[in-house]
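The values are calculated or read from the model by the stated rules, or taken from the named source; none is laboratory data. Model, not experiment: these values are computed from the prediction. No Cβ is skipped: glycine too gets one built from the backbone with ideal geometry, and neighbour counts run over all protein chains shown. Accessible surface areas use protein heavy atoms only, side chains included; no ligands, DNA or RNA. Shrake-Rupley method; radii C 1.70, N 1.55, O 1.52, S 1.80 Å.
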Amino acid sequence: MDASYKPRQSKQPIVFTALATLAGAFLFWAVFLRPASTPTAPVVTKAVAVLKGDYGASGTVTLVQSAPGAQVTITGELQGLDPRAQRGFHIHTAGDLSSGCASAGAHFNPFGQTHGAPSDTSRHVGDLGNIQSDAQGEAKFTIEDSLVSLNGPLSVVGRAFVLHSGTDDLGRGDNEESLKTGNAGGRAACGVIGIAQ
Ligand SMILES: [Cu+2]
Ligand SMILES: [Zn+2]
């Protein structure tokens, strides 16, 4: 007999036990300890509205917001407007055009303010002032606004743009209606604001 003989002991069982323990610990953490992930709302960075109406005015308006809370850039191209005119342009509360532009409701006003100019502290969120048309009755415009948002509880997605047949007096008309609608007159065209890709 060789006294120096030692049976070779494989290290495999030790490695296997260690791995199994680690895997078990991970499984326990994943099932019982891992904090449940809260679902987050998808961020909307671009929206578009196609405006149409009964009086020949039409166009497309695009809204871009780089991140929630950031300024919104609104760009538009409209045709069929009265030439060389200022025409009231707002976001109204409802994206419901089932009865034409009439069913879009009142100016989007989540803070219960009076009607005003886009630059006023007291204004409806939907107050975007007037759009200036050229001699051909066309208008290309860019509006930067920090109240309008595509995200959060005050998102305008699903609401509607309304282009009016009159000029918005921006709340300076010195009468009751001026502080509600700006006396902007009838609704020449409207379009629902929807998510764009
Ligand atoms: Cu309006
Ligand atoms: Zn208003």
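Accessible-area rank, largest first, for V50, V72: V50, V72, with all protein chains present and a 1.4 angstrom probe. Using a simple spin-label model with pseudo-atoms 7 Å out from Cα toward Cβ, E138 and D120 lie 3.3 nm apart. Under a 5 Å amide H cut-off, with hydrogens placed 1.01 Å from N, H92 pairs with F108, A160, F161, V162 among residues at least 5 apart or on other chains. Excluding ligands, DNA and RNA, the accessible surface per residue across the chain is 60 Å² with a 1.4 Å probe.
Residues considered: A104, A67, A20. Largest GNM mean-square fluctuation over the chain, using C-alpha springs under 10 Å, is found at A20.
Surface composition of the chain: carbon and sulfur atoms hold 58% of the protein heavy-atom accessible area at a 1.4 Å probe.
Scanning the chain for chymotrypsin sites (Phe, Trp or Tyr not before Pro) that sit in a DSSP loop and have at most 13 other Cβ atoms within 10 Å, the longest stretch containing none of them is 6-110.
A Förster radius of 41 Å, combined with the Cβ-Cβ distance separating V43 from L19, puts the computed FRET efficiency at roughly 0.50.
Does the chain come out rounded, prolate or oblate by the C-alpha gyration tensor, with a ≥ b ≥ c the root eigenvalues, rounded set by a/c under 1.5 and, if not, prolate when a/b is larger than b/c and oblate if not? It is prolate, given that a/c is not under 1.5 and a/b is the larger ratio.
Based on the alpha-carbon gyration tensor of the stretch 90-197 and its eigenvalue square roots a ≥ b ≥ c, which shape applies: rounded if a/c is under 1.5, prolate if not and a/b is larger than b/c, or oblate?
On the way: a/c = 1.31, a/b = 1.09, b/c = 1.20.
In terms of gyration-tensor shape, rounded.
Comparing mean-square fluctuations of N175, N151, N109 from a GNM of the chain with C-alpha springs under 10 Å, the top value falls on N175.
A simple spin-label model places the labels of R84 and R34 6.9 nm from each other, with each point 7 Å out along Cα-to-Cβ.
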